[in-house]
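The values are calculated or read from the model by the stated rules, or taken from the named source; none is laboratory data. The model shown is predicted, which means the values in this text are computed figures rather than measured ones. No Cβ is skipped: glycine too gets one built from the backbone with ideal geometry, and neighbour counts run over all protein chains shown.
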Amino acid sequence: MTMAPDNRALSLRVSVTDRCSLRCAYCAPGAGVVKAAEKEMLSFEAIASFVRLLKARFGLAEVRLTGGEPLLRPRIERLVAMLKNEGVTGLALTTSGQQLAARAGALKRAGLERVNISLDSLNPNTFAELSGGGDL
């Protein structure tokens, strides 16, 4: 195994979608954002293949799934299971949390180890204002 050039374990952040259910001013301007067609997004197989390569060649130690909102990617639990089957440790996901309650159990069963919930405020009114109507 070859380590990253500075001998530290390598980590990877993978954006699995450009979709998001929130409309935060800093990433979803009022004019809107042109979304990629689903066929233009990396397939789960391509992501797993890239992870396999990085793990074998550079000692990949951690993968974080992000977006947009990764829970909007259909069948994201399948990708989590695929990465877990590749031997990825430190498998994490960053989310707004809007769909987390409904999906947490399936994600855990698929092998997800950590979740980071991105919040701009713990005040419900401020959160709704900053996120364009999100539910804290």
- Those residues of the range 50-68 which are part of a loop (DSSP other than H, G, I, E, B) and out of contact with any Leu (no Cβ under 8 Å at 6 or more places or on another chain) amount to 67, 68
- Where a residue in the range 43-59 is more than 16 Å from residue 89 (Cα to Cα) and its partner, wherever it lies, is modelled with pLDDT of 95 or more and surrounded by 18 or more Cβ atoms within 10 Å (Cβ to Cβ), with Cβ under 7 Å and at least six apart: 44/79; 44/82
- Item | Residue count, the range 77-96 (criterion: within 12 Å of residue 115 (Cβ to Cβ) and aliphatic (A, V, I, L, M)) | 4
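Yes/no matrix, rows are residues, columns are (1) on the phi > 0 side of the Ramachandran plot; (2) not hydrophobic (A, V, I, L, M, F, W, C):
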residue: 44; (1), (2): no, no
residue: 53; (1), (2): no, no
residue: 61; (1), (2): no, no
residue: 73; (1), (2): no, yes
residue: 111; (1), (2): yes, yes
residue: 122; (1), (2): no, no
residue: 126; (1), (2): no, yes
- Item | Filter result (surrounded by 14 or more Cβ atoms within 10 Å (Cβ to Cβ) and either in contact with a helix residue (DSSP H, G or I) (Cβ under 8 Å, 6 or more places away or on another chain) or among the hydroxyl-bearing types (Ser, Thr, Tyr) (or both)) within the range 122-136 | 131, 134, 136
- Residue ID - farthest from the chain's Cα centre (by Cα), chosen from residues in the range 69-105 that are buried (at least 21 other Cβ atoms within 10 Å of the Cβ), of a type outside the set (D, E, K, R) and in a loop (DSSP other than H, G, I, E, B): 88
